Amino acid sequence: MSALTIEEQQSETSTPGFRERFAFGLGDYGTNLTYTLMVTFLAYFYTDVVGISAVLVGSLMFFARVIDGVICVFVGIRIDKTDTRLGKARPWVLWTAVPFGLSAFLMATVPGISDSGKIIYVCVTYLLANIFFTANNIAYGSLLALITRDTYQRGILSVFRKGLSTCGSLTVGAFTLPLVAAFGNSHTSWVIVFAIFGFFTALCLLLTAAWTRERIKPVNKENRNNIRAGGVAASMLKNRYWLMIFFYLLITFTSLTALSTTSVYYSRYILQDVSMMSWISVAQYLPGLITLLVIPYLIKRLGKRNLALLGLTICSIAYLLPLIDKTSSLFVILATVVRSIGFCGIGATMFAFLADTIDYGEWKTGLRIEGILFSAGTLGQTLGMGLGSASVGWILGAAGFVSGGNVQQSKHVLDMIEFLFIFFPFILAMLNMVLIWFYKLDGFYDRVAADLSRGVFAK
């Protein structure tokens with residue numbers, strides 16, 4: 001247990017070493033094993049393997065996220081009030097690791113009972129998985145603001161996070177369908193695959209809890225006693241940059257989830273080959289992983305805001321590339337490669353943005369509430385995931401999608417799959433570009449960090 005204790009005299013200026021950076025990133029590798037299963041394959045599994053209607057699946061995923069979003073705010077409050085030898089966020093990463101991994105397995109074990117029984121089971125297990133995911137993710141995200149105050153080091157930690165999360169998504173995207181086929185291409189095969197990824201999810205998160213350190217303490221020593229509903233709400237509303245990033249995360253994860261969910265349907269019904277999903281996944285993650293090698297240089301050269309704008313621009317172009325030939329696997333993979341490169345600039349900065357807004361909020365109001373702000377930021381992520389999954393289910397259901405797996409879909413359904421894959425993420429990228437254009441915190445964050453290090457608040 002000694003590896004899990006905080007060193008009492010850590011300096012907030014000490015620099016995280018390679019092991020700590022790797023351990024921090026490893027947490028998102030593990031998380032993304034289950035997360036990618038949920039956003040990429042779960043809707044397909046429920047509609048084409050279990051046989052639940054697309055509308056019902058979409059509604060389930062949305063309302064589960066709404067309930068989960070309300071719960072996550074209370075989790076954030078508890079994190080901010082936590083004070084243990086492990087710190088405030090690391091204990092929650094530790095406590096939720098195994099339940100989150102186990103929940104991945106439970107989602108797939110839909111029993112062969114009545115349709116209503118299946119729906120109840122899916123609702124309960126999906127909600128549990130989301131609750132454990134959110135509780136863990138809030139704590140994990142809060143770690144970024146607690147490990148260091150240095151904005152460049154946060155950028156480097158975010159690169160490790162993005163790099164290893166990409167590896168996690170690549171692992172799932174490339175190997176899920178081949179593993180399902182290898183285990184017999186049955187319902188049981190899916191259960192085995194979910195169990196494998198759930199095990200490694202838990203293991204990685206346990207290592208994150210063991211090998212990271214919390215260095216940052218609130219400037220105000222009475223901070224814990226000042227966390228009350230009225231003050232928290234006022235602090236959040238005064239933090240305009242946090243509000244921007246909240247909506248930025250909401251839009252980003254709506255787009256990501258809708259695109260990931262639609263990719264399986266696009267491969268199956270537009271490209272006429274569901275196995276193409278493995279190649280699309282490789283194209284989606286591998287180029288971005290290579291691009292991450294230059295991201296630290298670009299962060300230092302351009303700053304996080306300009307890098308995010310560059311990434312959004314590249315992604316916007318990529319979304320439209322399949323229009324050249326919508327049924328060509330070549331153009332779809334090319335578009336995915338370009339999108340992967342562009343998203344590096346987005347993924348490597350979005351949570352660093354959120355960490356910076358926490359410092360800005362403390363500087364502006366005197367109240368440090370990283371757990372609450374990360375939980376509320378995660379609410380944006382959670383609602384975005386729910387809206388992304390739900391929009392696919394709702395739109396396909398309204399278009400007349402027929403569940404079952406071996407059904408010829410109507411032209412209207414195929415048109416909606418194309419819309420969700422091409423135009424929907426493009427529109428959302430345009431909205432995000434507007435938000436980030438008005439994000440100016442990058443320009444004076446150094447002053448914010450310097451003031452807080454000296455115990456000084458904004459005048």
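Nothing in this text is a laboratory measurement; each read-out follows from the coordinates by a stated rule. Small disclaimer: the values here were computed from a predicted structure and weren't measured. Note that each Cβ is placed from the backbone with ideal geometry, even for glycine, and that neighbours are counted across all protein chains shown.
Some observations on this one:
- For peptides 356-363, 247-254, sequence by mean Cβ density within 10 Å, most packed first: 356-363, 247-254
- Rounded to the nearest 10 degrees, the inclination of helix 304-320 to the longest alpha-carbon principal axis of the chain is 10 degrees.
- Extending 7 Å from the Cα toward the beta-carbon at both Lys326 and Phe419 defines two label points whose distance is 1.1 nm.
- Applying 1/(1 + (r/R0)^6) with R0 = 25 Å to the Cβ-Cβ distance of Ser59 and Leu179 gives a FRET efficiency near 0.30.
- For the stretch 317-459: relative contact order, % (alpha-carbon pairs under 8 angstrom, 6 or more apart): 32 percent
- Least to most buried among Lys300, Lys162, Lys364 (fewest other Cβ within 10 Å first): Lys300, Lys364, Lys162
- Angle between the chain longest axis and helix 90-108 axis [Cα atoms, degrees, rounded to 10]: 10 degrees
- In order along the stretch 386-393, the phi-based Karplus estimate (6.51 cos²θ - 1.76 cosθ + 1.60, θ = phi - 60°) of 3J(HN,Hα) comes to x, 5, x, 5, 5, 4, 5, x Hz; Gly and Pro are listed as x.
- Cα-based helix-to-principal-axis angle, 151-182 vs the chain, degrees rounded to 10: 20 degrees
- Convex hull (Cα only) mean projected area of the stretch 29-92, reported in nm² to one decimal: 5.5 nm²
- With both labels modelled 7 Å from their Cα along Cα-to-Cβ, the Asp115 to Ile427 distance reads 3.1 nm.
- Residues in the stretch 258-269 carry Karplus couplings, in order, of 4, 5, 5, 5, 6, 4, 5, 5, 4, 5, 6, 9 Hz; the curve used is 6.51 cos²θ - 1.76 cosθ + 1.60 with θ = phi - 60°, and Gly or Pro positions show x.
- Phi-based couplings in Hz for the stretch 203-215 (Karplus 6.51, -1.76, 1.60; Gly and Pro marked x): 4, 4, 5, 4, 5, 4, 4, 6, 10, 10, 9, 9, 10
- Put simply, when 382-389, 119-126, 199-206, 423-430 are sorted by average Cβ atoms within 10 angstrom per residue, most first, you get 382-389, 199-206, 423-430, 119-126.
- Protection proxy ranking, peptides 64-71, 169-176, 272-279, average beta carbon neighbours within 10 Å, highest first: 169-176, 64-71, 272-279
- Net +/- balance of residues flanking Leu320 in space, Cβ distance below 14 Å, scoring K and R +1, D and E -1: 0
- Read-out percent of Cα pairs over 28 Å apart, derived from the coordinates shown; its label in (i) 47; (ii) 54; (iii) 63: (i)
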